[in-house]
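Everything on this sheet refers to the single structure shown next.
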Amino acid sequence: MSLQVGIVGLPNVGKSTLFNALLKEQQALAANYPFATIEPNVGIVPVPDVRLDKLAEVVKTTVIKPATVEFVDIAGLVKGASTGEGLGNKFLAHIRESAIICHVLRDFSDENVIREGAVTPKDDLHTVRLELQLADLATVEKQQEPKGTVDRAGKERWQIISALKKILIDARSINEILASEDKKASYGLSQFTPETIAKVTHELSLLTAKEEIFVVNVDEASLGRDLAELTAEQATLLGEDANRVIVMCNQIESELAVLTDEDRFAYLKDLGLDSAGLDRLIITAYDVLKLRSFLTAGEKEVRAWTIPQGTPARKAAGVIHTDFEKNMISVRVAEYADFIAHNGWKGLKEIGKMRTEGRDYIMQENDVVEFLIGK
């Protein structure tokens, strides 16, 4: 399952520096002028997962395949992008393909780096969101009310589109309204199921219906403060959930990315940090999209597979191979901690800790599994 995160923001806020750090090499052009990133740079980044190394030791394999996140470094947005200003049309086309929007917001001071447009992280965010709202409004206004005899689905679709149009005219983001039952009711959307609304927003590729996370790019000196306190402060200033806010210094992240694991750990310790900002970013994206990983462990490889939270076993089997979903019979399941403690499947079987589940079993985060597939 591919998870694509679109890195967006005004020019010179640190998007490409962040992307370079994610790839551990300078593949994106981090230059000090607007539109340094002309075409989107795409990189596949592993999801940090300490469980995989331990599983590999148990099953004695050297092949480890973590879950991955696809990051897209998108050209800087400017005021007027919704009407084609700057590289607006390319920006909007590329962001429509992302599952989640990562706003990079500038909160560092550097007189050598040109500041485009806004002057605070909240102003940065307002400028970007306004352009996304205007782009969505243009999309919705192109929709035509159905004429003649219309079935129930068609009527519901138009009612939803009309409600979305009102949200956008009010200069609101669709995801903000859908996150609150009271706000949904105020726009007449509470009568529709989330799945019905999502079908319409997905069909129209509406940008403000996408989930969001927020990277606040700060000075190195700011990292000397308590990170939880700093994150809460930034979240309050932005008016966003602290669980979606990641405070980091993108320049330091770029430096960390090229260090050995030992030197990286020492550098983080000197900074008073438990983990790198990049790791926190990837994990936050996973959590916001309600994604989970199940694990497979055999002599050939150890691997983490990405699935949405609440996925039944038969659907999870289909992530490995499409035929598995149709032909799955059952699944052997072990809890990760038990698998490690008892030296794999053989040890678990001897003490009765291995269990067999059916096709409708709901996969859990720490499941180590083997699927039994029929012909």
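Assess whether GLN133 counts as being at pLDDT 90 or above, open to solvent by 10 Å² or more (accessible area, probe 1.4 Å) and in a loop (DSSP other than H, G, I, E, B). Judged against the criteria, GLN133 is not a match. The lone criterion from (1) modelled with pLDDT under 90; (2) buried (at least 16 other Cβ atoms within 10 Å of the Cβ) left unmet by GLU240 is number (1).
Of the strands (runs of 3 or more DSSP E) lying entirely inside the stretch 235-333, the ones with 3 or more residues being farther than 26 Å from SER222 by Cβ and hydrophobic (A, V, I, L, M, F, W, C) are found at 291-297, 302-308.
Cβ-Cβ contacts under 9 Å between residues 6 or more apart (or on different chains), taken from a first residue in the stretch 154-181 that is at positive phi and outside any helix (DSSP H, G or I) to a second residue that is of a type in the set (S, T, N, Q) and open to solvent by 10 Å² or more (accessible area, probe 1.4 Å), are listed as ALA171/GLN133. Take the conditions within 22 Å of the chain's Cα centre (by Cα), under 30 Å from ASN12 (Cα atoms) and at pLDDT 90 or above and apply them to ARG280. Does it pass? In short, yes. Scanning the stretch 147-177 for residues that are farther than 27 Å from VAL128 by Cα and aliphatic (A, V, I, L, M) yields VAL150, ALA153. A Cβ distance below 8 Å, combined with a sequence gap of six or more or placement on separate chains, defines the contacts here; from the stretch 286-301, residues that are in contact (Cβ under 8 Å) with a residue 40 or more places away in the chain and open to solvent by 10 Å² or more (accessible area, probe 1.4 Å) reach residues that are in a strand (DSSP E or B) and of a type in the set (Phe, Trp, Tyr) in the pairs THR296/TRP305. Pairs needed: first member in the stretch 45-57, in a loop (DSSP other than H, G, I, E, B); second member anywhere, of a type in the set (D, E, K, R) and modelled with pLDDT under 95; C-beta distance under 7 Å; at least 6 residues apart or different chains. Sorted first by the residue in the stretch 45-57, then by its partner, the pairs are PRO48/ASP279. So which residues in the stretch 328-375 are in contact (Cβ under 8 Å) with a residue 60 or more places away in the chain and of a type in the set (Ser, Thr, Tyr), if there are any at all? The answer is TYR336, and nothing else.
The values are calculated or read from the model by the stated rules, or taken from the named source; none is laboratory data. Just so it is clear, the model here is predicted, and its values are computed rather than measured. For neighbour counting, all protein chains shown are included, and Cβ atoms are generated from backbone atoms with ideal geometry for every residue, glycine included. In case anyone asks, the SASA skips ligands and DNA or RNA and just uses the protein heavy atoms, side chains included. Shrake-Rupley method; radii C 1.70, N 1.55, O 1.52, S 1.80 Å.
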